[in-house]
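Notes for the one structure printed next.
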Amino acid sequence: MQLNSDAPLEPPRDAATVLMLRDGTQGLEVFLVKRHGLSDVLGGAYVFPGGKLDAADLLLDRHVDQSAADMHSALGEPDTQPATALGLYVAALREAFEESGILFASDALEAQAALSQELQRPFNAWVEERSMTLQTRMLLPWTRWITPRMPSVSSKRFDTRFFVAQVPADQVARHDNFETTASAWLQPKLALHQYWDRQIELAPPQIMSLAHLSRHASVHSVLQEARQRPPPVIFPESYEEAGERLICYPGDPRHSVPTLAMPGPTRVYFRNRRFEPADGFEALFV
């Protein structure tokens with residue numbers, strides 16, 4: 001993974017991503033997709049399905065199963081407009097379908113078959129034509145990640161809302177072979193082991209999110225936590241220390257916010273061409 005040294009001037013763009021979950025035979029599993037190697041954002045890395053908010057995502061207010069006010073309340077962002085909150089939920093559902101084929105909507109199986117035949121058509125046009133209702137209630141806000149002012153793995157900045165959702169048992173997730181070239185259902189700790197063994201690449205938000213998920217044994221446990229607290233805001237702060245890039249999270253002595261936002265280490269270093277906790281792999285789970 002290449003370290004970025006350019007500080008973009010543009011403000012972070014609104015985005016949404018979905019941690020799609022299921023209960024496997026060995027416990028909790030999360031769906032990961034591999035970004036195309038030529039992608040200008042995390043090319044070659046494994047990520048959760050997601051992407052930036054599009055203007056069209058704001059136009060489906062008649063095709064969702066709850067009000068914009070309810071979605072706005074769930075996000076817990078007073079400075080975000082309700083219409084934007086609705087758009088973020090829609091963006092998460094749209095990206096989940098485009099990158100994994102999972103459709104959180106009424107008549108999902110029938111609609112999936114039709115949609116998959118003409119992916120070049122706008123998602124919102126399909127929703128409107130089929131009078132579908134997008135099941136935004138299936139999404140629960142989990143965390144909010146804002147790219148540091150000095151991004152470490154991309155020259156772009158995003159304000160990304162991470163949602164958690166249980167994948168419907170009658171649907172099969174798969175990568176799209178366009179934006180994403182591989183995919184896997186993995187236990188969070190196994191995904192981190194594969195990262196540590198250099199079988200896959202992960203960026204810091206995915207590393208820390210997987211470490212967070214590894215504390216849970218089931219989908220029910222994750223969703224229960226999501227329902228019981230507001231999504232924490234994670235605005236990493238990056239520094240150069242002894243010739244190394246250091247990323248600090250809330251609760252770290254060098255971070256401007258003294259309160260912990262999530263479990264796991266409060267800092268990672270860019271070492272050996274990857275991001276590592278100062279105390280090694282096991283520090284992800286302390």
- Alpha carbon convex hull of the range 162-286, projected area averaged over orientations, nm²: 9.2 nm²
- Task: Pull out a ≥ b ≥ c, the square roots of the eigenvalues of the alpha-carbon gyration tensor of the range 208-250, then state rounded if a/c is under 1.5, prolate if not and a/b is larger than b/c, and oblate in the remaining case.
- Result: oblate
- Restricting to lysines and to Cα separations under 25 Å from Lys156, and discarding same-chain partners fewer than 8 apart, the set is Lys34, Lys52
- Query: Given R₀ = 30 Å, FRET efficiency for Glu10-Thr181 by Cβ-Cβ distance, to 0.05?
  - Reply: 0.60
- Message: Assuming 0.36 nm per residue, please report the length gained on full extension of the stretch Arg130 to Phe281 beyond their Cα-Cα distance.
- Response: 49.5 nm
- Message: Suppose R0 equals 30 Å. What FRET efficiency, 1/(1 + (r/R0)^6) with r the Cβ-Cβ distance, do Asp197 and Val233 give to the nearest 0.05?
- Response: 0.40
- Message: As I understand it, the dipole of the chain uses +1 on the Cβ of Lys and Arg and -1 on the Cβ of Asp and Glu, about the Cα centre. Which of Thr181, Ser218, Ala283 lies farthest toward its positive end?
- Response: Ala283
- Note on the structure: Judged on accessible area alone, 1.4 Å probe, highest first, Met71, Met138, Met262 line up as Met138, Met262, Met71
- Note on the structure: The answer for the chain, accessible area per residue at 1.4 Å probe in Å², is 45 Å²
- Message: Quick check: the angle from helix 82-100's long axis to the longest principal axis of the chain, C-alpha only, nearest 10 degrees?
- Response: 90 degrees
- Query: Within the chain, what is the longest stretch that has no trypsin sites (Lys or Arg not before Pro) placed in a DSSP loop and near at most 10 other beta-carbon atoms within 10 Å?
  - Reply: 1-197
- Under unit Cβ charges (Lys, Arg +1; Asp, Glu -1), what dipole magnitude, rounded to 20 debye, does the chain have relative to its Cα centre? 560 debye
- Message: For a test of the definition: using alpha carbon positions, the gyration tensor, and the 1.5 limit on a/c, classify the range 129-233 as rounded, prolate or oblate.
- Response: rounded
- Message: Restricting to bridges with both residues inside the chain, how much of the DSSP beta-bridge set is antiparallel, in percent to the nearest 5?
- Response: 75 percent
- Note on the structure: The ratio Rg/Rh over the Cα atoms of the chain, Rh being the Kirkwood inverse mean 1/r radius, stands at 0.95
- Report the label-to-label distance for Arg273 and Ser256 in nanometres (one decimal), using points 7 Å from each Cα along the Cα→Cβ vector. 3.4 nm
- Query: Can you give the calculated 222 nm mean residue ellipticity of the chain, where each DSSP H run of n ≥ 4 adds -39,500 (n - 2.57) and the sum is split over every residue, rounded to the nearest 500 deg cm²/dmol?
  - Reply: -7500 deg cm²/dmol
- Where does helix 219-228 land angle-wise versus the long Cα axis of the chain, in degrees 0 to 90, nearest 10? 80 degrees
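The values are calculated or read from the model by the stated rules, or taken from the named source; none is laboratory data. The shown structure was predicted, so the numbers you read here are calculated from the model rather than taken from an experiment. A quick note on method: Cβ atoms are made from the backbone with ideal geometry, for glycine too, and the neighbour counts reach across all protein chains shown. When the accessible area is computed, the model is the full protein with side chains, heavy atoms only, and any ligands, DNA or RNA have been set aside. Shrake-Rupley method; radii C 1.70, N 1.55, O 1.52, S 1.80 Å.
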